[in-house]
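What follows is one structure encoded as structure tokens, with my remarks underneath.
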Amino acid sequence: VETSDVTAEALNVLAFLVPEFTNDAFGVAVSVAFSTGSFAGAFGLSGASMQADISDTAEAGISNSNIDVTGNVFVWADDKTELSTGSGSGSLQVSISGDASVALAPSAVKNSVSMGNQVLGWIGSKPSTDRLVDAPNTDTSMVYAGGSIDVQATSRQSVTNTAVAVAVSVALAPYFDSAALSGSGASSEVTTNNIIKASVNDVESLAMSG
């Protein structure tokens with residue numbers, strides 16, 4: 001509500017942020033080597049990488065306005081972002097030889113999620129997005145409620161981040177040496193950098209009877 005005159009039984013100023021995001025990534029490698037001679041080798045590498053960066057805003061406020069209600073004034077900004085990410089990698093290498101046989105199967109997965117939403121609820125001057133300081137800024141709002149005045153900023157984010165890596169190698173050499181090497185690794189990282197503020201700043205007057 002900006003630069004307005006409101007006379008009513010009640011006033012609700014609401015901003016809801018409810019996006020849903022789903023991201024998936026998958027990598028696969030398969031190789032088979034067969035030899036009736038002296039040597040067979042199977043080599044393969046699989047990998048998957050996924051990065052998700054989310055930045056949204058939910059703002060609900062009253063500024064430079066005259067509000068006169070007989071009931072309640074309710075200002076609420078709410079963030080209910082739902083993010084689901086998953087990545088997987090699979091590697092299968094099979095090597096078969098009458099003599100020497102080698103199979104190598106590495107697999108790797110990396111997931112990275114960054115969440116940086118702004119959730120602001122206010123009466124008067126809009127809060128600064130600075131984490132520690134709100135710069136003075138005189139607001140001309142005059143707010144009267146016969147009931148209660150409630151200002152809220154909330155975050156109810158849900159983040160699910162899954163990373164899976166699987167590697168299998170098989171080397172067969174009935175008569176001589178064989179070697180089967182496999183390795184897998186998975187990493188998952190979630191970073192939140194949200195700004196959530198609810199405030200009553202620099203209003204000219206604020207009164208309630210409830």
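The values are calculated or read from the model by the stated rules, or taken from the named source; none is laboratory data. Note that the coordinates shown come from a computational prediction; the quantities given were computed from them, not determined experimentally. So basically every Cβ, Gly included, is an ideal-geometry build from the backbone, and we count neighbours across all protein chains shown. Surface areas here come from the heavy atoms of the whole protein model, side chains and all, with no ligands, DNA or RNA. Shrake-Rupley method; radii C 1.70, N 1.55, O 1.52, S 1.80 Å.
Miscellaneous remarks
- Residue within the stretch 106-127 that is open to solvent by 50 Å² or more (accessible area, probe 1.4 Å), outside any strand (DSSP E or B) and in contact (Cβ under 8 Å) with a residue 12 or more places away in the chain present: yes
- Condition check for E59: more than 30 Å from S182 (Cβ to Cβ), acidic (D, E) and at pLDDT 95 or above: yes
- Out of S187, S209, sole residue that is touching a residue at least 12 places away in the same chain (Cβ under 8 Å), over 30 Å from A8 (Cβ atoms), open to solvent by 40 Å² or more (accessible area, probe 1.4 Å) and of a type in the set (G, A, S): S187
- Within this structure, G147 passes the test of being open to solvent by less than 70 Å² (accessible area, probe 1.4 Å) and part of a loop (DSSP other than H, G, I, E, B).
- Residue in the stretch 47-61 that is most open to solvent (accessible area, probe 1.4 Å), counting only those that are of a type outside the set (S, T, N, Q) and touching a Ser or Thr at 6+ places or on another chain (Cβ under 6 Å): D53
- Identity of the residue in the stretch 1-16, of a type outside the set (A, V, I, L, M) and more than 19 Å from S155 (Cα to Cα), that ends up least open to solvent (accessible area, probe 1.4 Å): S4
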